[in-house]
1. For segment 1-39 and segment 99-130, write down the distance between their C-alpha centroids in whole Å.
2. Just to be sure I understand the model, the point goes 7 Å from the Cα along the line to the Cβ. What's the resulting residue 50 to residue 121 distance in nm?
3. For 163, 127, what's the fewest-to-most ordering of other Cβ within 10 Å of each Cβ?
4. Using alpha-carbon pairs under 8 Å, 6+ residues apart, how would you state the relative contact order of the chain in percent?
5. Provide the packing ranking of 204-212, 220-228, 129-137, i.e. peptides ordered by the mean count of other C-beta atoms within 10 Å per residue, highest first.
6. When the helix-only estimate is applied to the chain (DSSP H runs of n ≥ 4, each -39,500 (n - 2.57), divided by the residue count), what is the mean residue ellipticity at 222 nm, nearest 500 deg cm²/dmol?
7. Provide the gained length on full extension for the span residue 253 to residue 24, in nm with one decimal, where the gain is 0.36 nm per separating residue minus the Cα-Cα distance.
8. Give the angle, between 0 and 90 degrees and rounded to the nearest 10, that separates the Cα long axis of helix 171-184 from the longest principal axis of the Cα atoms of the chain.
Ligand SMILES: Nc1ncnc2c1ncn2[C@@H]1O[C@H](COP(=O)(O)OP(=O)(O)OP(=O)(O)O)[C@@H](O)[C@H]1O
């Protein structure tokens with residue numbers, strides 16, 4: 001499924017926080033959104049999973065204007081892992097994962113054999129099968145994040161929207177998740193803070209600053225020292241990954257005399 005963000009603007013409380021942003025995510029590709037804190041990344045994703053209605057522009061899914069779809073229909077097509085994903089109810093892990101099937105179900109029909117296998121597969125992929133009977137409220141932050149990712153996978157979405165999915169994850173699960181994203185063949189739009197993980201995992205990267213898309217392209221085109229300096233205010237060297245050739249950033253820490261001293 002192809003996702004097109006087309007001239008989207010968002011106004012909140014009289015302030016424009018996303019400005020005429022256009023970004024395409026071709027079928028089956030992984031596109032990353034990076035940018036400083038407060039640059040508008042989560043706001044863009046909210047427009048894609050319909051928690052926000054853009055003030056201008058539109059989001060298109062395979063040529064259909066998202067706002068013209070019924071909510072249930074877009075919920076079948078777009079799965080989101082968000083910063084607000086609530087797990088306030090004391091469900092077990094397997095119950096939470098099964099909730100991913102909700103947009104596909106009519107009434108209270110129990111899951112069929114294929115859906116139960118799908119849940120099992122997703123829990124194994126996210127390394128939470130051993131937690132199936134545990135209550136989600138008693139899990140660590142990273143375990144809970146992996147449960148929510150399993151729930152998103154069982155939704156079998158055409159588009160997966162992920163807001164900092166590696167947040168809370170240890171390095172093994174970060175690498176595992178991003179490897180999985182590349183293998184699923186699903187169209188993915190993902191916000192990442194770690195530019196090196198973004199370079200390794202994404203086909204293309206869009207860079208946001210103050211609500212505007214200031215650059216987009218392949219990781220090699222985007223992750224250059226001048227751009228990292230201009231957008232993030234950080235000095236970095238770029239070296240190719242010795243095996244994959246993906247650009248990797250080596251940051252330069254600030255010298256002592258530019259650091260603000262404690263009063
Ligand atoms: N509901 C809201 N009301 C007022 N301002 C908001 C609201 N939501 C977001 N903003 C503001 O819009 C800007 C963009 O926020 P957003 O959460 O999209 O940024 P972000 O790039 O995802 O940031 P971070 O990297 O810190 O998660 C911020 O300045 C934020 O304070």
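Only the coordinates and a few stated rules stand behind these numbers; no lab work does. The structure displayed is predicted, hence computed values, not measured ones. Cβ atoms come from the backbone with ideal geometry, glycine included; neighbour counts cover every protein chain shown.
1. Here the answer is 30 Å between Cα centres.
2. About 2.6 nm separates the two model spin labels.
3. Values: 163 22, 127 16.
The most exposed by this proxy come first: 127, 163.
4. Details: 492 pairs, mean separation 63.4, N = 263.
The normalised contact order for the chain reaches 24 percent.
5. Details: 204-212: 21.2, 220-228: 16.6, 129-137: 14.8.
Highest mean packing first, the order is 204-212, 220-228, 129-137.
6. Working: 9 runs with 81 residues, N = 263.
Per the formula, -8500 deg cm²/dmol.
7. Values: separation 229, 0.36 × 229 = 82.44 nm, distance 3.46 nm.
Taking residue 253 through residue 24 to full extension adds about 79.0 nm, to one decimal.
8. In the chain, helix 171-184 runs at an angle near 70 degrees to the longest axis.
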